[in-house]
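**Student:** Please see the structure below; I have some questions.
The values are calculated or read from the model by the stated rules, or taken from the named source; none is laboratory data. Computed from a predicted structure; not experimentally measured. Methodologically, a virtual Cβ is constructed for each residue, glycine included, from the backbone with ideal geometry; neighbour enumeration extends over all protein chains shown.
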Amino acid sequence: MSRKERIIALKKARDATILAHNYQLPEIQELADVVGDSYELAREARNTHSSVIVFCGVLFMAETAKILNPEKKVLIPVRDATCPLADQLTPAMIRDAKKRHPGAAVVLYINSTAACKAHADVICTSANAVTVVKALPEQEVIVGPDANLAAYIQGKVPDKKIIAIPPGGHCYVHDCFSQKDLEAARARGGTIISHPECRPEVQRGSDIVASTGGMIRVVREHESVGAWNIFTEKEMGYRLKTLYPDHTFNVKDDAICKDMKKTTLANLLASLEKEQFEVVIPPDIMQKARGAIERMLVIGR
Ligand code: SF4
């Protein structure tokens, strides 16, 4: 049996569901039961009936799946596949910001650790961040850990004060897009769609700003076949091409999330064979973080 066939057989034997993020390698996306952005996968994790979830992504995503499914076994094929953006925020930074802004709500991007989520009032994704912030009664909102996303929210919700923590928090994959990329895309032609994690000036120079799930919706709703410049992680081009083969998608070849690429067929197979690596979260963190995620699932539709 090939590695791929063994994964499919083991998936059935273990009663497992494989969830994969849009930035995973093509061979992983092909084998997954569901491919999506953080929000879609969080919802899917809550609805799945399998006893095991194998999360092909980075640790905060697998933690989110575990928090929403405490009774299920959640596995991540690579223990050290983490998100460098999430790792820029600590619980101490949140406590400090709360002290400085006692009346503010804390809205954390889903790209944060479970330990940080336990200190949040509500979680958001890039797709629903604006909806979530608008729905809160507080006028001051602490947002972390992505300062570019915080600036995006501030632009859409000007009547509230957005406080970004840490001040320069960013994702190195999205922060690498620049004026030069905008100029090259304009010269090439086609619509420019950037992710809210890109720098504010790159967002302003784009035609559309959208989460990865939003990018799929935009292309789906476009009436004619088109050319698109996709300003997010490179593999999103593969995902879009799979869904819309007649369209053209230009990506930046070095916009690569190294941690997303750590998951391979070999370690996915090992994960199913040995039931490794199980995501374990202390119960108190689990309970508090769950409240913040559930609130997002209610108000962030
Ligand atoms: S692309 Fe950026 S935000 Fe997403 S997992 Fe990688 S480092 Fe984190």
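**Student:** For region 12-49, enumerate the residues that are more than 18 Å from the chain's Cα centre (by Cα) and at pLDDT 95 or above.
**Tutor:** 12, 13, 14, 15, 16, 17, 27, 30, 31, listed by residue number.
**Student:** I would also like to ask the following. Within region 242-278, count every residue that is within 26 Å of residue 6 (Cβ to Cβ) and within 16 Å of the ligand (Cβ to nearest atom).
**Tutor:** Kept after step one, since they are within 26 Å of residue 6 (Cβ to Cβ), are these residues of region 242-278: 242, 259-278.
Filter once more, keeping what is within 16 Å of the ligand (Cβ to nearest atom): 259-263.
Total satisfying the criteria: 5.
**Student:** Exactly one condition in (1) assigned by TED's automatic domain parsing to the domain that holds residue 52; (2) within 18 Å of the chain's Cα centre (by Cα) is not met by residue 264; state its number.
**Tutor:** The number of the failed condition is (2).
**Student:** Residues of region 90-121 being in contact (Cβ under 8 Å) with a residue 60 or more places away in the chain, surrounded by fewer than 24 Cβ atoms within 10 Å (Cβ to Cβ) and within 16 Å of the ligand (Cβ to nearest atom), which ones?
**Tutor:** Result: 114, single match.
**Student:** Taking region 246-269 as the search range and keeping residues that are in contact (Cβ under 8 Å) with a residue 40 or more places away in the chain and either of a type in the set (D, E, K, R) or in contact with a Pro (Cβ under 7 Å, 6 or more places away or on another chain) (or both), which one is surrounded by the fewest Cβ atoms within 10 Å (Cβ to Cβ)? Before you say what the answer is, go through the steps one by one.
**Tutor:** Going residue by residue through region 246-269, those that are in contact (Cβ under 8 Å) with a residue 40 or more places away in the chain are 248, 250, 252, 254-257, 259-269.
Checking the rest, the ones that are also either of a type in the set (D, E, K, R) or in contact with a Pro (Cβ under 7 Å, 6 or more places away or on another chain) (or both) come to 252, 254, 259, 261-263, 267-268.
Values: 252: 20, 254: 8, 259: 19, 261: 17, 262: 19, 263: 26, 267: 19, 268: 28.
By that ranking, first place goes to 254.
**Student:** Could you please find all residues in region 181-207 being closer than 20 Å to residue 151 by Cβ and without any contact (Cβ under 8 Å) to a residue 40 or more places away in the chain? First the steps, then the outcome.
**Tutor:** Keep residues of region 181-207 that are closer than 20 Å to residue 151 by Cβ, which gives 181-182, 192-207.
Result: 182, 192, 193, 194, 201, 202, 204, 205, 206, 207.
**Student:** Still on this structure, I have one more. I'd like the residue in region 42-89 that is of a type in the set (Val, Ile, Thr) and within 16 Å of the ligand (Cβ to nearest atom) and, out of all such residues, is surrounded by the fewest Cβ atoms within 10 Å (Cβ to Cβ). Walk me through it before giving the result.
**Tutor:** Just the residues of region 42-89 that are of a type in the set (Val, Ile, Thr), to begin with: 48, 52-54, 58, 64, 67, 74, 76, 78, 82.
Within this subset, residues satisfying the condition of being within 16 Å of the ligand (Cβ to nearest atom) are 58, 64, 76, 78, 82.
Values: 58: 27, 64: 29, 76: 28, 78: 22, 82: 16.
Across region 42-89, the extreme among qualifying residues is 82.
**Student:** Looking only at region 40-80, filter to residues that are hydroxyl-bearing (Ser, Thr, Tyr) and out of contact with any strand residue (DSSP E or B) (no Cβ under 6 Å at 6 or more places or on another chain); which one of those is farthest from residue 111 (Cα to Cα)? So that I can check it myself, show each step before the final result.
**Tutor:** So the first thing to find is which residues in region 40-80 are hydroxyl-bearing (Ser, Thr, Tyr), and the list is 48, 50-51, 64.
Then drop every residue that is not out of contact with any strand residue (DSSP E or B) (no Cβ under 6 Å at 6 or more places or on another chain), which leaves 51, 64.
On the way: 51: 25, 64: 10 Å.
Ranking the qualifying residues of region 40-80, first place goes to 51.
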